[in-house]
Structure formats: C-alpha cells, structure tokens
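Below you'll find the structure, written out as structure tokens, and then a few comments.
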2 protein chains.
Amino acid sequence: MINMGGPEKLDQVHDYLLGIMTDRDMIQLPVQSKLGPWIAKRRTPEVQKKYGEIGGGSPILKWTNRQGELMCKKLNEVSKETGPHKHYVAFRYVTPFIDDAIEAMKNDGVEHVVAFSQYPQYSCATSGSSFNAIFDYAAKNKGIAESMKWSVIDRWSTNSLLAKVFADRIRTELNQIPEDVRHDTIILFSAHSLPLKAVQRGDPYPSEVGSTVQMVMNELNHCNPFNLVWQSKVGPLPWLGPFTDEALEAYVKKGKKNFILVPIAFVNEHIETLHELDIEYCHDLGKKLGVQNLRRAAAPNDHPLFIDAITDLVQQRLKSAAPGFQLQLVVQQLKEFEGKQLVSVTKEGLELPEDEVETKKREEDKTKYENLCKVMKDILDKKVVVSNRLVESPCCVVTSQYGWTANMERIS
Amino acid sequence: MINMGGPEKLDQVHDYLLGIMTDRDMIQLPVQSKLGPWIAKRRTPEVQKKYGEIGGGSPILKWTNRQGELMCKKLNEVSKETGPHKHYVAFRYVTPFIDDAIEAMKNDGVEHVVAFSQYPQYSCATSGSSFNAIFDYAAKNKGIAESMKWSVIDRWSTNSLLAKVFADRIRTELNQIPEDVRHDTIILFSAHSLPLKAVQRGDPYPSEVGSTVQMVMNELNHCNPFNLVWQSKVGPLPWLGPFTDEALEAYVKKGKKNFILVPIAFVNEHIETLHELDIEYCHDLGKKLGVQNLRRAAAPNDHPLFIDAITDLVQQRLKSAAPGFQLQLVVQQLKEFEGKQLVSVTKEGLELPEDEVETKKREEDKTKYENLCKVMKDILDKKVVVSNRLVESPCCVVTSQYGWTANMERIS
C-alpha cells in the first residue's frame with residue numbers, strides 16, 4: 001500500500017521534509033542538494049507546530065494499517081484461492097519505507113505482490129515518485145523480483161465504489177446542514193494543487209481529479225452546486241488554481257454562506273485535512289468570513305464501501321495478473337531505448353538476447369548496460385507483471401518527456 | 001442545437017471573426033471595442049486562406065443539420081408523446097444566430113424548447129457565452145418565454161454513449177495501423193486549449209475534458225497508451241498545455257512513431273479538425289517529423305451511436321422537464337441578488353412579489369429593476385425550466401466570480 005506517509009512523531013518531521021525536498025520527482029529546486037536540506041531544516045519548526053496541533057503526528061500509518069487489515073480480511077473471504085493475503089505499508093518519505101516493505105515481503109516469502117498506489121489519481125510527483133523508487137530498488141537489488149510476481153494498481157480515479165464513498169461522505173455532511181439552506185450549499189472539492197509547470201508538462205493529475213469529481217456528482221445526481229478547487233500551494237512559483245481559501249472568500253463576497261469541503265485526492269486523514277481544511281479553513285477562515293456552515297467531509301478512511309473498493313481493485317488485479325500483450329508495449333519501448341535493440345518478444349514471453357547484449361556491452365559503457373540488463377531481467381524476463389494501467393501512465397511509460405524512459409535514464 | 005458555428009462562405013469570415021473578437025465571454029482584450037475589430041480585420045485573409053484549403057467553408061452547419069434531422073426522426077419514433085420534434089440550429093457567431101433560432105421557434109409555435117449545447121464539456125467561453133446570449137435575448141424581448149417552456153442541456157462530458165462513439169472512432173483508426181506497431185500507437189486526445197487565466201479562474205472545461213478522456217479509455221479497456229494535449233492556442237498569453245504539436249515532436253524525439261489524434265471536445269468536423277489536425281499536423285508536421293503513422297479519428301458527425309446519444313439526452317430532458325427543487329436554488333440566488341428580496345417561492349411555483357418590486361423601483365434605478373424583473377418573469381415565473389446541470393454550472397450560477405450573478409449583472 002503505497003503512499004507518501006506522514007511523521008507519526010515530531011522528531012520524524014525533519015527527515016520527512018528532507019525526503020520530500022530532495023526528491024526530484026516531487027519537487028524541482030535549483031541546486032537541490034543544497035537548497036532542499038536548507039528548506040527542510042528551516043521549515044521543520046513550523047511543520048512540527050502544525051503536527052502538534054493535530055495531536056502530535058500524522059494518522060496516515062494508523063489509517064493505512066486499518067484499511068489494509070480490513071481489506072485482507074475481506075480478501076481472505078472473497079478470494080480464498082489467491083490467499084492468504086497480507087498488507088504491507090510502503091511509504092515514500094517516512095518509515096515503513098518502500099525498501100522496508102520489499103525486504104519484509106522477501107523475508108515473509110511473499111509469492112505475488114500487488115503494488116497498490118493509495119493515490120486514486122496519478123501524478124508524477126506522488127505515484128510516479130513511488131514507482132520510480134521501486135524501480136530504483138529493483139535496479140540495486142538483483143533478484144528481488146525472482147521470488148515474487150509483481151502486479152501494479154497505479155490509478156483508479158473513475159472507480160465507481162470510490163465515487164459512492166465520497167458521495168456518502170458528502171450526504172452525511174449535507175444532512176447536518178439546516179434544511180432551509182441545504183440546497184444552497186456549495187460542494188467544494190479540494191485537491192492538493194501542483195505547480196503549473198507540471199500541468200503544462202502534461203501531468204495527468206488534474207484530469208484524473210476532474211474525472212473523480214464528475215463521477216461523484218453523477219452519483220449524487222447533481223444535487224447541489226459544486227466546484228473543484230486546489231489547496232496547499234507552497235513556494236513562490238505559480239500553481240494550479242483557483243485556491244480553496246480564495247474561492248471561499250470569493251463565494252462569501254457573492255453572498256454564499258454554506259459550504260462542504262471534500263478532500264477528493266486522498267483516502268485518509270492527514271495534515272492537509274486535519275490542519276489545513278479543519279483548522280485553517282473551517283475554523284479560522286470560516287470565522288473570519290462569517291460563514292453560516294462550513295463543514296468538511298471525512299476522508300474515505302474505514303468506510304465499509306471504501307474497503308469494498310480497494311478489495312475489488314486488488315481482487316481484479318490478482319485475477320488478471322498474467323503478462324498480456326500490454327507487456328509487449330513496454331518491451332517495444334525498451335527495444336527502442338536509444339535506438340538499441342535490447343530485448344526480444346517470444347510467444348512464451350520475453351527474452352533478453354544475451355549475445356546482442358554482449359555485443360552492445362563491448363561497444364558501449366559497460367556499467368550502464370549491466371544495470372540496464374539487470375533491471376530488464378528482473379522486471380521483464382522474470383515475474384513482474386506490468387498492468388495495463390501502468391503502461392498508459394504518462395509518467396511511467398507514455399508521456400515521453402518524463403515517462404518510463406525517464407526511469408530507464410535514471411536507472412542507467 | 002447550440003454551437004459557435006463556422007463561416008460557410010469566405011465572405012462570412014470577417015463578421016465571424018468580429019463576433020468572436022468582440023465577445024468578452026470568449027476572449028478578453030484590452031480596449032476590446034477597438035482592438036477586437038482590428039484583430040478581426042487583420043486576421044481575415046489568413047483565416048479565409050485556411051477555409052479555402054478545406055473546401056471554401058465550414059461544414060458545421062451541414063453536420064449539425066444532419067445530426068438534428070436524424071435525432072428528430074428518432075425522437076418521433078421513441079418519444080411520440082413529446083412530438084412532433086424539430087431541430088433549430090443556434091450559432092453564436094454566424095447565421096443562423098441564436099436570435100434567429102428563437103424567432104423561428106416563436107413563429108413556428110414551438111411549445112417546449114430544449115436548449116442543447118453541442119459542446120459536451122462546459123466552458124465559460126463556449127456554452128457559457130451562448131447561454132448568456134439567450135439570457136440577453138430574453139432580457140430584450142419580453143414575453144419570449146411566455147409561449148415556450150425552456151429546458152437546458154449544458155454539459156454531458158461523462159455520457160456513456162458519447163464515450164462509446166469516440167472509442168469506436170479510435171478503434172477504426174487503430175485497425176488501419178499495421179498490426180506490428182498497433183499496440184505501440186499513442187492515442188493523443190486533442191482539445192481546443194484555453195488561456196491559463198481561465199483555468200486559474202476555475203473554468204470547468206479542463207476537468208470535464210479530462211473526464212471524457214477517462215471514460216473513453218475505460219470504454220477501450222485501456223488498450224493503448226494515451227495522453228491529453230491541447231491545440232489552437234492564439235495570442236501571446238500563456239495557454240493550457242502541453243500543446244499537440246509540441247507533444248508530437250517530443251514523442252518522436254523519444255522514438256515514438258505511431259499516433260492517433262482524437263478531437264475530444266467537438267462533435268463535428270470543423271476548421272480545427274480539417275485544417276489544424278489534418279493538414280498542419282497529420283500532413284505537414286508528420287512529414288517533417290518522419291512519423292510512421294499519424295492518423296486522425298473522425299469527429300462523432302453522424303455516427304449512429306452519436307445520434308442515439310443526443311436523442312437519449314433530449315428524451316431524458318423532455319421527460320424530466322418539470323421545475324423541481326433545483327429551480328429553488330436559482331431562485332434562492334436571485335433572492336439574494338445584491339441582498340434584495342426579489343422573488344418568492346410558492347408551492348405552485350415562483351412569484352414575483354409585485355409590491356416589493358414596486359417599492360424597490362422607487363428606491364433604486366428604475367431601468368435596472370425593470371430589466372431585472374422582466375428577465376425574472378420570463379425565466380422564472382413562466383415556463384422556463386432550469387435543468388439541474390445548469391444550476392451547477394460554475395459559469396451560469398455557481399462559481400460566484402462569473403456565474404449566474406454575472407448574467408444578472410450583465411442584464412441589469
């Protein structure tokens with residue numbers, strides 16, 4: 001269960017921020033190796049203060065473990081033939097890290113891994129960064145894929161059960177709003193923003209968040225006015241808007257007084273719901289603006305339908321986890337990597353033409369091709385299944401600018 | 001059937017451009033009343049040249065009439081009780097104009113109008129502009145709504161039949177691509193871009209286009225890699241990217257050679273498909289870049305499933321065309337217009353409290369309130385049905401910055 005994670009204790013905050021600030025998939029800074037640590041250090045006290053105000057730490061681990069336990073319990077019932085099932089938490093910037101999860105799975109003798117992004121909508125900065133970390137690990141740890149078959153769930157923005165969960169969370173809040181103003185309540189879907197530069201590069205996140213919003217409003221039969229707004233901008237560069245706080249202010253100026261905020265791009269409570277939405281907007285800003293009702297829909301957390309949603313997704317992936325023609329697509333792309341023919345596709349599967357690789361090795365930089373072949377062997381020739389979804393991911397394979405090719409470049 | 005329209009003949013090009021360049025819903029220019037006409041005049045020859053290259057004019061009218069005829073034929077079969085049905089074309093910048101359509105409907109004694117935006121995804125610049133034009137007409141022509149009941153279809157980006165149509169158009173092109181490279185063909189959904197300023201203001205168009213893309217790829221079972229890109233940028237200001245031509249170039253640089261372009265935000269052929277996609281990209285740019293296959297999926301046009309889609313949408317709207325609680329939402333907003341209580345909601349419908357309006361009149365600018373009351377009478381008190389969808393439209397009602405309130409401001 002892949003996610004960014006959050007510091008459980010205040011003394012983890014610095015290393016957590018350091019991880020974010022030095023991850024070029026997450027954020028690009030000039031002289032990042034110097035500036036990243038400097039920003040992390042400088043921001044630690046203020047971020048610690050915020051975590052202090054929500055009880056001393058992030059509940060992401062607690063929620064993810066609860067979701068994982070409920071999901072596996074259900075999987076053991078509905079999909080006995082693929083069991084027993086066990087969940088592993090794989091965070092990007094805090095323990096338990098992705099590497100920890102892979103090591104633990106190896107030690108437990110896991111046969112089949114479903115690498116399941118807990119971000120419903122794909123962004124290069126979130127899911128993309130975590131999948132790159134998995135590829136990096138595979139590149140450095142030969143054989144890790146030999147004992148385990150790998151499947152991937154990298155995006156699920158239009159999942160109908162997920163839409164039902166959000167719809168139910170919204171209905172719960174609507175019912176708390178007095179009947180005379182209920183129909184005039186604006187549903188504001190609020191998602192973590194991203195730099196405009198990433199939008200312009202073609203990051204699929206804004207489109208995928210938009211599609212979740214449309215699915216949820218269809219599920220609600222368009223019962224109320226709504227809009228999609230963006231939160232949590234940091235730094236001086238332009239980010240995708242309109243921003244949640246500015247939108248609230250503009251609506252109030254136009255006479256609107258009742259709102260429900262919906263965290264549409266995260267599946268459990270975290271600092272951006274508990275502090276930014278609840279404290280900074282619902283409490284502080286609401287008071288300042290004089291709203292009548294400003295409520296926040298809960299994240300999916302342990303909503304029974306949400307457990308059904310993630311159980312279904314994993315079950316489907318376990319069932320369809322056989323290398324199909326889609327895998328060939330990845331191979332095709334690997335074949336064309338820098339114009340070099342590096343793998344061949346046989347009827348049975350994929351094979352590295354060892355001779356040709358040897359020839360290449362002599363011709364080219366040795367280490368580069370050893371690494372490349374190691375990854376290709378691990379990922380393609382053995383037991384790794386690349387899902388359809390991963391294949392289309394602009395960040396992983398398709399969008400040439402920062403796709404699979406980018407992974408290959410990093411690895412090689 | 002609402003659309004922007006296109007010049008059928010070269011001598012209509014100037015007035016068409018003039019209409020676009022002076023419409024502040026479509027484009028905002030400094031000193032627009034001077035600069036708009038100047039740009040229109042200056043651009044006329046180059047635009048005429050382009051229309052010359054696609055046969056001397058736009059086929060939008062031809063396609064819209066064909067779609068309307070097929071739709072009405074089908075409606076007369078499947079929805080006899082609401083018939084007979086007749087389509088009227090209502091263009092924004094060329095004849096037959098919106099005003100022409102309303103006049104024609106009045107003369108024909110039409111009882112029930114379904115104002116059907118032919119843009120599946122809502123933008124303030126397209127659907128929003130046309131609905132504003134309808135409101136403007138209603139404000140200037142008292143009684144126009146008295147003899148006709150009005151319903152609205154303002155957005156249908158997640159319509160499942162529409163997704164099936166695009167999926168089928170894509171499959172047709174995929175089948176034309178040699179089998180050995182078919183699975184490595186990138187599906188590039190290409191939509192008309194919009195200024196970043198509009199994105200930042202919260203125009204729902206990018207999200208809604210994204211949701212159509214996700215629906216189509218679900219329908220295709222994610223058979224191929226894909227991405228959403230943006231075309232037709234004009235002027236020096238920043239627009240939403242990545243741009244179609246730059247994306248093609250970047251993919252080719254990364255070794256990709258096979259593409260299908262899909263016009264995802266327009267339902268019939270027009271200058272942007274026939275000239276920009278077919279001539280400038282598929283022919284000229286494709287040759288320059290040395291692609292293997294660069295094909296363009298046809299617009300929905302008269303695809304039988306597309307006729308089913310628009311027939312279903314109209315039939316649903318005719319069936320549900322009764323003022324519901326949603327209408328109260330609009331009324332609520334009108335009531336709060338500048339803090340003035342202007343209408344009341346009764347069990348039977350909506351009533352203007354004449355006395356209070358009279359009082360207001362004495363207190364305030366007379367013309368302003370006469371206009372306001374006229375529109376409210378026409379739109380609310382009589383036979384106009386505002387659909388659920390219109391109600392949520394950020395441009396028409398909800399997004400305070402440029403919503404229904406904006407219409408009211410324009411009218412008053």
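The values are calculated or read from the model by the stated rules, or taken from the named source; none is laboratory data. What you see is a predicted model, and the numbers here were worked out from it, not measured in a lab. Using ideal geometry, Cβ is built from the backbone for each residue, glycine included, and neighbour counts are taken over all protein chains shown.
Per the conditions (1) more than 30 Å from A:K257 (Cβ to Cβ); (2) at pLDDT below 95, the sole criterion not satisfied by B:E354 is (1). Each residue in region A:115-142 was checked for being within 22 Å of A:A163 (Cβ to Cβ) and out of contact with any Cys (no Cβ under 9 Å at 6 or more places or on another chain), and 7 pass. Of the residues in region B:215-226, at least one is more than 10 Å from every other protein chain (Cβ to nearest Cβ), touching a Phe, Trp or Tyr at 6+ places or on another chain (Cβ under 6 Å), at pLDDT 90 or above and part of a helix (DSSP H, G or I). Given the condition within 18 Å of B:E276 (Cα to Cα) and in a helix (DSSP H, G or I), answer yes or no: does some residue in region B:19-38 qualify? Checked against the condition, which is being within 18 Å of B:E276 (Cα to Cα) and in a helix (DSSP H, G or I), region B:19-38 yields no hits at all.
Based on what the data block shows, is B:Q315 in contact with a helix residue (DSSP H, G or I) (Cβ under 9 Å, 6 or more places away or on another chain), closer than 27 Å to B:V216 by Cα and modelled with pLDDT under 95?
yes
The residue that is nearest to the other protein chains (Cβ to nearest Cβ), among those in region A:246-291 that are of a type in the set (V, I, T), in a helix (DSSP H, G or I) and more than 18 Å from A:V209 (Cα to Cα), is A:V252. Checked against the criterion of being under 15 Å from the mean Cα position of the chain (by Cα) and either within 14 Å of chain B (Cβ to nearest Cβ) or of a type outside the set (S, T, N, Q) (or both), region A:133-140 has at least one qualifying residue.
Of all the residues in region A:104-154, those that are hydroxyl-bearing (S, T, Y) and farther than 30 Å from B:S211 by Cβ number 2. Taking the conditions (1) in contact with an Asp or Glu (Cβ under 9 Å, 6 or more places away or on another chain); (2) away from chain B (no Cβ under 11 Å) in turn, A:S157 satisfies each one other than (2).
Going through (1) modelled with pLDDT under 90; (2) within 30 Å of B:S193 (Cβ to Cβ); (3) out of contact with any strand residue (DSSP E or B) (no Cβ under 6 Å at 6 or more places or on another chain) one by one, A:A138 falls short only on (2). On the given criteria, is B:K86 more than 30 Å from B:Q12 (Cα to Cα) and of a type in the set (K, R)? Spelling it out, it is not the case that B:K86 is more than 30 Å from B:Q12 (Cα to Cα) and of a type in the set (K, R). Just to verify a result, which residue in region A:266-308, among those that are β-branched (V, I, T) and farther than 22 Å from A:A247 by Cβ, is surrounded by the most Cβ atoms within 10 Å (Cβ to Cβ)? Per the stated criteria, the residue is A:V267. Against the criterion of being within 26 Å of A:S211 (Cβ to Cβ), hydrophobic (A, V, I, L, M, F, W, C), within 14 Å of chain A (Cβ to nearest Cβ) and not in a helix (DSSP H, G or I), B:L188 qualifies. Out of B:D25, B:D11, one residue alone is acidic (D, E) and more than 26 Å from B:Y122 (Cα to Cα). It is B:D11.
For region A:291-314, the criterion of being hydrophobic (A, V, I, L, M, F, W, C), farther than 30 Å from A:V113 by Cα and under 19 Å from the mean Cα position of the chain (by Cα) is met by no residue. Count of region B:200-214 residues, restricted to those that are assigned to a helix (DSSP H, G or I) and more than 8 Å from chain A (Cβ to nearest Cβ), is 2.
You will find that of A:K233, A:K197, the residue that is surrounded by fewer than 22 Cβ atoms within 10 Å (Cβ to Cβ), in contact (Cβ under 8 Å) with a residue 12 or more places away in the chain and in a helix (DSSP H, G or I) is A:K197 and no other.
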